[in-house]
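One structure is given here, and the rest of the page talks about it.
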Amino acid sequence: MAQRLKEVDVVVLGVGFVGSIVAKELAASGLKVVGLERGDPRDTVPDFQGPYVHDELRFAVRKALMQDNTREAVTFRNNAGQTALPVRRWESFLPGTGLGGAGVHWNGQTYRFQAADFILRSHVEERYGKGFADPELTIQDWGVSYADLEPHYDRFEYLLGTSGKAGNINGKRVEGGDPFEAPRARDYPTPPMKEHYAGAIFRKAANGLGYHPYPQPSSNLSQPYTNPEGLQLNTCVFCGFCERFACEHYAKSSPQTVILPVLLKNPNFELRTGCQVQRINLDSSGKKATGVTYIDAAGREFEQPAGLVISALFSFNNVRMLLLSGIGAPYDPATNKGVVGRNYAYQTMSSAQAFLDESININPFMASGASGTMINDFAGDSFDHAPHGFIGGSYIGAINTNGRPIEYHPVPPGTPKWGKGWKEAVARHYNHTVSMTIHGSSMPRRANYLDLDPTYKDAWGQPLLRMTFDFPQNDLKMAQFVTDRAVEIGNAMGARVVAGSPRKGPYTVTQYQTTHNTGGTVMGADPQTSVVNPYLQCWDVPNVFVIGASNFAHNASWNPTGTIGALVYWAIDALKSKYLKSPGALVQA
Amino acid sequence: MAKISRRSFLKAAGSASVLPGVIGAGGLGAAAEAEASETTAKARPATSGYLFFTPHEAAFIEAACARLIPFDEVGPGAVEAGVPNYLDKQLGGAWGAGERLYRNGPWQAGTPSQGYQLPFTPAELFRNALRGVEADLKAQGKAQGKGFTALSGDDQDAYLKSLEAGGKDLNGVPSELFFQTLLGMTVEGYFSDPAYGGNKDMAAWKMIGFPGAYASYYDLVDQHGVKLARAPMSIADAPPMEHMHQGPDIPAKL
C-alpha cells in the first residue's frame, strides 16, 4: 500500500537538464517543488574525479553512466509485421540515468535549429510545392516559431556559456560563423574553442571547395566563464574523455556545473533520488493529475500529491510515462489516429574517413566532446532540394572527439578484420586519419512509432516501451547525397584513400549511431496531431507539462540539446507569466 | 626488418618511452623499462594462473589470441599483452555473469537488426562455445584429438576463419557470434587500461601512440602535427585528483 505524502505545489519527474532548470525557476518563484530522480546523486567532486574517470572500458564500452537495462530496457522491431524483442544491451542509443541525466555525459554540441524547421510542412510546401515531400512522411509545423524561441535559445546558451562564433546577428552576416544560421540577437557567450589539426585540415579542404566552414558550437568552454546563476566554469583541456564520461575539470556545462548548485540551495526544493515513478495519477474525470506514485530504492511505494506535474524525462520515458498513466490517446499507425508515440524520429548518421600520409600526426586524442570544424552547406534547408527529391540534410564536420583506442582505430576498406594485416593497418592509420561526422535529419513517417510492449516488462513489472522504426527512403537518399559531398572533401584533403559510409537500411540497434531519439509527445497547434500544445502543456490534462526532445515534430540536422534548452525556457515563461496566474488550459483545443 | 625476440621487443618498447620533452611523466619511462625486463624474466608458463578458464580452455584461448593479434616487429601480440588474462578476469567477474544484459524471457530468435537474443551470459557463451569447438575439432579428426593448439599456425587461421564464416552450432552458440565476441573482447583487452589485466606495459598504446589516461592537451592541441613523445600513463600510474581545477584562477592547462 502506498504511503501518502504531504502535497506539494509541483513534482518534477527526472532531474536532468530539463528537470533542474524547471525546478530552479519554479522553486525561485516561491513554489514548493519535489524533484524525483531514479538514479544516484552525484557531483563533480568526488564522483567525477581523475584518474579513474579516464577509463575507456568502463565508461565508453561498458557504459557505466547509462540506464541499467537489466531493470529497464526498450523493445524494438523494424516494422509492425515483426515481433519486437528487447534491446538486451545498449548499442545504437545510450539512455543516461542519475542526477544531471544525460547532461553529465553529453558531448556539449550546442546548436540551434533553422527557422524552417519549426514550420517544416508549410516551408517545404511553399518552397518546393505540395507534392514534393514523400507522402509517407508525417512532417508538420511545431506550433512555435524560431522568433518565439530565439530569446530562450539565447538564455540557454548563456546559462551554459557555449563557445562559438555567430554567423548572423540580427540579420547581419558575420564572417567566420555559420552563414546558414537563423538570426541570433547576440554572439555566443564565449569565443570558439581552439581548432585541432583535423579541424584545420577540414577547414582548408572545405574552403577550397567553396563551402563555409565554421567552429562547432561547444559547451566545453574555451575560457573561464561565470554564468547568470553566478556559477563558474573552467577552460576545457581537450582531454579526450568527454562524451560518455563526466568532466572532472568543471569545463563541461552540465546540470552539476550550471544550475544544480543554485537549485539545491533553495529550501523550496527537495531532491529525492533512487525514486522510480510508476505513473502520474489522475482524478476520476481523467482531466486532472493529482500527483504521482513512485517506488524508492528500498522498494517502498509512495504517493506524492502535487498541483502541477512536469515530466522532464528522456524522450522515451516521457512517452512511456504518458502511456502508463493513460494520458492522451495512443497512436495507431493502422488508422493514423491517436497521438502519444506518434512522430518518433532519430538521427540519420553517416561517416567518411580520410586516410592521410604517415607524416601527418592528427593526434586524435587531443579533443573535446565538441571541438570540431564543420559546414552546414548541406544541412537543413541550406541548399535547394528541388533537383534531389528529398527533404532535410546533414552537417559535415571533422568532429574529432577522442582517440580512445578500443573503439577508435580506423582502418581503410579491405583491411583484414584480424591478424597481422589488421594490426599493421591499425598502427599505420591510428594517428593519420581524419574522421568526418555526417549528422543528418530524421523525418517522421507513418509506420514509425512508440507504444507499450505487450510481452516484456521492467523490474517493477511494468511494460517496456516498444519502438517500431526504420529509416524512410527520404533519409537514406539524403544520407547518400551528403556522404558523397564528404568524400569529395576528403579527396580535397589529399587523402590516399577516402572511405564514405552512407547510412543504409534496415535500422539496426547493434551499431552506435546517436542517442538523439525524438518525438512521441509532439508539440503542435492541432490536438489531432500533437500531445502537448505550443506551451508543452498536455491537451488532455492541463496540469501536466511534458518537456524534452519528445516534443520535436521531426528531428533536424543538428544535435537536439540546444533546442531542448530553448523549449524549457519557452515553457517556463508560459508557466510563470500565464499558467501560475490562472491555472488551466493555455490554449483551447 | 630483422626478426626480433619478444624479450628485445619489450626492452625496446620500454626504452622508447624515455624521450626528451616528456610531459608530466617523471621517471615513468625508466620504470616501465624496469618493469618490462622483470616481466620478461619472470615469464610464466602458459595456461597457468587462470581463475575462470580450465587449463584446456586456456590453451585454446592463448593459441587463438596469438592468431587474432600476432606478435611481430610492429608491436606486441595479444598474448604478450596479457589478453588471455584480461578475458579470464572479465568472464569470471560481473561482465561474465551478465552485467548490463537484460535477461528476461521469452527468448526468441530475432532479425540481425534486433541484436543479441540468446539467454547465455558471456561466461556461459564462452563455456558452451569452447566445448563446441572441442567437439567440432574432434569430429573433424583434426590434430589427432590434441585440439586446436596442435594445429599449425595456418591451420589455426583456417579454423578460426571457419568459425568466423559461421554456420557451425557450438552447443547452441552460432560460431560467428562466438568468433565476434572473442575478437571484440580481445581488442578490448589489448587496448584497455592495463589495470584490467591486458595491454601489459601499455605496449599496445605505445604501438599506436595513444597517451593513455593522463590527458590534458590545452597547450598542444593547436600545435598542429606535433609528435607527442612521452610515455603513456595508466590509471594505476596517475596520481589521484591531479586533474581537478576548481575556480577560474587556476589555469586549466598543463
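The values are calculated or read from the model by the stated rules, or taken from the named source; none is laboratory data. No experiment lies behind these values; they were computed from the predicted model shown. Cβ: placed from backbone, ideal geometry, glycine included. Neighbour counts: every protein chain shown. Side chains are part of the model used for accessible areas, which takes the heavy atoms of the whole protein and leaves out ligands, DNA and RNA. Shrake-Rupley method; radii C 1.70, N 1.55, O 1.52, S 1.80 Å.
See the values below:
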{"item": "Base-10 log of normalised Debye intensity for the protein assembly as shown (one unit scatterer per alpha-carbon) at q = 0.05 Å⁻¹", "result": "-0.27"}
{"item": "Segment B:117-188 and segment A:63-107: distance between their alpha carbon centers, rounded to Å", "result": "30 Å"}
{"item": "Spread of Cα-to-Cα distances over 10 Å intervals beginning at zero, given as percent, for segment A:173-226", "result": "20, 49, 28, 3"}
{"item": "Calculated on alpha-carbon atoms, Rg and Dmax of segment A:80-186 in Å", "result": "18.6, 53"}
{"item": "Average projection area in nm² (convex hull over Cα atoms of segment A:495-579, one quarter of hull surface)", "result": "8.2 nm²"}
{"item": "Å² per residue, accessible surface of the protein assembly as shown at 1.4 Å", "result": "35 Å²"}
{"item": "Degrees, to the nearest 10: A:561-574 long Cα axis against longest axis of chain A", "result": "30 degrees"}
{"item": "Protein accessible area in the protein assembly as shown, 1.4 Å probe - carbon and sulfur %", "result": "52 percent"}
{"item": "Chain A: angle of helix A:146-160 to the longest principal axis, Cα-based, in degrees nearest 10", "result": "80 degrees"}
{"item": "Descending semi-axes in Å of segment A:537-589, equivalent ellipsoid built from Cα gyration tensor", "result": "23, 13, 7"}
{"item": "Kirkwood-based Rg to Rh ratio, segment A:59-122, C-alpha trace", "result": "1.10"}
{"item": "Candidate lysines - alpha carbon under 28 Å from B:Lys200, same-chain residues fewer than 8 apart omitted", "result": "A:Lys63, A:Lys417, A:Lys420, A:Lys423, B:Lys3, B:Lys11, B:Lys42, B:Lys89, B:Lys161, B:Lys227"}
{"item": "Rounded tilt (10° steps) of A:315-325 against the dominant C-alpha axis of chain A", "result": "20 degrees"}
{"item": "Kirkwood Rh, Cα atoms: Rg over Rh of segment A:333-439", "result": "1.12"}
{"item": "Charge sum, other residues only, whose C-beta stays under 13 Å from A:Pro41's C-beta, Lys/Arg counted +1 and Asp/Glu -1", "result": "-2"}
{"item": "DSSP beta bridges in the protein assembly as shown [antiparallel fraction, %, rounded to 5]", "result": "65 percent"}
{"item": "Proximal lysines to A:Lys504, defined as alpha-carbon separation beneath 19 angstrom and excluding residues fewer than eight positions away on the same chain", "result": "A:Lys477"}
{"item": "Anchor A:Lys581: lysines whose Cα lies under 20 Å away (excluding residues fewer than 8 positions away in-chain)", "result": "A:Lys24, A:Lys32, A:Lys287, A:Lys288"}
{"item": "Per residue convex hull volume, Cα atoms of segment B:87-139, in Å³", "result": "109 Å³"}
{"item": "The protein assembly as shown: calculated mean residue ellipticity at 222 nm from DSSP helix runs of at least 4, using -39500 (n - 2.57)", "result": "-8000 deg cm²/dmol"}
{"item": "Rg/Rh for segment B:93-203, where both radii come from Cα atoms and Rh is the Kirkwood radius", "result": "1.01"}
{"item": "Computed FRET value (nearest 0.05) for B:Trp107 with A:Val174, which takes r as the C-beta separation and R₀ as 45 Å", "result": "0.20"}
